[in-house]
Structures are given as structure tokens and as C-alpha cells.
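Colleague: Pasting a structure below so you can have a look.
The values are calculated or read from the model by the stated rules, or taken from the named source; none is laboratory data. Quantities reported herein were computed from a predicted structural model and do not represent experimental measurements. Glycine gets a Cβ as well: all are built from the backbone with ideal geometry, and neighbour counts include every protein chain shown. Keep in mind that these areas ignore ligands, DNA and RNA; they rest on the heavy atoms of the full protein, side chains included. Shrake-Rupley method; radii C 1.70, N 1.55, O 1.52, S 1.80 Å.
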Amino acid sequence: MHLRLRAFDALDGNAVLRWVTSDDEAADWASLPARPASSDIFRRWHAEDGVRPFILEADGRAAAYGEIWEDPDEDEAELARLIVDPALRGRGVGRRLAQALLDEARRLGWVNVWLRVVPDNAPALRTYAAAGFARATPDEEAAFNVGQPVALVWLRASPPPG
């Protein structure tokens with residue numbers, strides 16, 4: 001399978017929304033109360049400062065979606081809203097998406113790169129560990145979770161080599 005990261009196009013929105021299979025998955029994916037009814041949600045998300053959306057293509061077809069959130073004030077970036085086409089789950093696409101987004105964040109100059117995950121999403125936790133992310137310290141998690149609606153697991157990318 002040939003994988004390639006590219007910028008999100010508005011035409012990708014409906015395909016990505018079809019990958020959200022339930023209201024519970026919408027909550028885990030993007031802290032949404034229900035599955036989005038319209039791809040307009042992407043226009044709103046992408047209008048926010050520092051949000052860079054991407055599609056991972058598999059053999060020329062959209063296979064996964066994710067964002068890089070840039071936060072210059074904190075000197076860090078966060079990978080967010082990662083989701084994989086259900087037909088491709090369990091085949092390493094999520095790990096490759098996380099790695100590709102991390103590589104892109106590094107290319108953009110970010111050394112400190114984070115992810116956050118709901119604690120019961122074991123497949124995502126395994127995926128991100130395989131992509132080189134490790135859990136934050138308990139003190140860091142406690143601080144990051146202040147004001148969050150759910151206590152999340154926070155993961156940090158391993159430092160870049162050299």
C-alpha cells in the first residue's frame with residue numbers, strides 16, 4: 001500500500017464524516033456530542049488559528065485524516081482529530097498517519113509535539129505508542145487536564161534525533 005500525506009481539501013469532508021461510525025466515536029474522535037451532520041464542521045475547524053488539516057492517501061484514495069495544531073505561545077504542536085477509514089483499520093494506517101503528521105510537524109519546526117486520547121481508546125493508545133509517543137508524567141497530565149470535560153491521556157513524541 002502506497003501512503004502519502006497531503007493537505008485536506010474541502011471535497012474530502014464527506015468521506016471523512018462517513019468514517020465516524022457512531023456518536024461514541026464522534027465523542028472520542030473530536031469531543032463532539034454526536035456524529036456531525038455536515039462537512040461544514042471542517043470549515044469551522046480549519047478557520048481556527050494554527051490548525052493545519054491533512055489527509056493520508058492510500059494508493060491515491062483518502063484513507064485517514066488528522067490535524068496539526070500549532071501553539072507558538074507554548075512552543076509546541078499537537079496532533080489532533082486523527083481518524084482512519086474503518087475499512088483500513090488494524091492495518092497500520094493509523095500509525096503511519098501519526099508518524100506522517102509528526103514528520104510534518106518536525107518539518108514545520110516543532111520539537112515538542114503532543115497527542116491526547118480518551119483513556120478507554122486502547123487501539124489508539126497502542127497506535128500512538130508504536131508511532132513513538134510516550135505517556136506524559138502524572139503531574140503533566142493533571143495540569144493539562146484542568147478544564148477538560150474528561151481526564152485524557154496525554155502523549156509526547158520522542159525527541160527528534162540529534
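Colleague: Can you tell me the alpha carbon radius of gyration of the range 89-162 divided by the globular rule-of-thumb value 2.2 N^0.38 Å?
Modeller: Here the answer is 1.12, to two decimals.
Colleague: Here's something else I'd like to know. With a 1.4 Å probe and every protein chain kept in, tell me what percent of the accessible surface of the chain is carbon plus sulfur.
Modeller: The computed percentage sits at 49.
Colleague: At 0.36 nm per residue, and after removing the present C-alpha to C-alpha distance, how many nm does the segment from Ala143 to Val51 gain when stretched out fully?
Modeller: 30.8 nm
Colleague: Could you work out the relative contact order of the chain, using alpha carbon pairs under 8 angstrom and six or more residues apart, expressed as a whole percent?
Modeller: Relative contact order, the chain: 18 percent.
Colleague: Which distance in Å, rounded to a whole number, links the C-alpha centroids of the range 117-154 and the range 18-64?
Modeller: Cα centroid of the range 117-154 versus Cα centroid of the range 18-64: 20 Å apart.
Colleague: Less than 13 Å from a label point 7 Å out along the Cα-to-Cβ axis of Asn121: which backbone N atoms in the range 59-81 qualify, by residue?
Modeller: 65-67, 79-81
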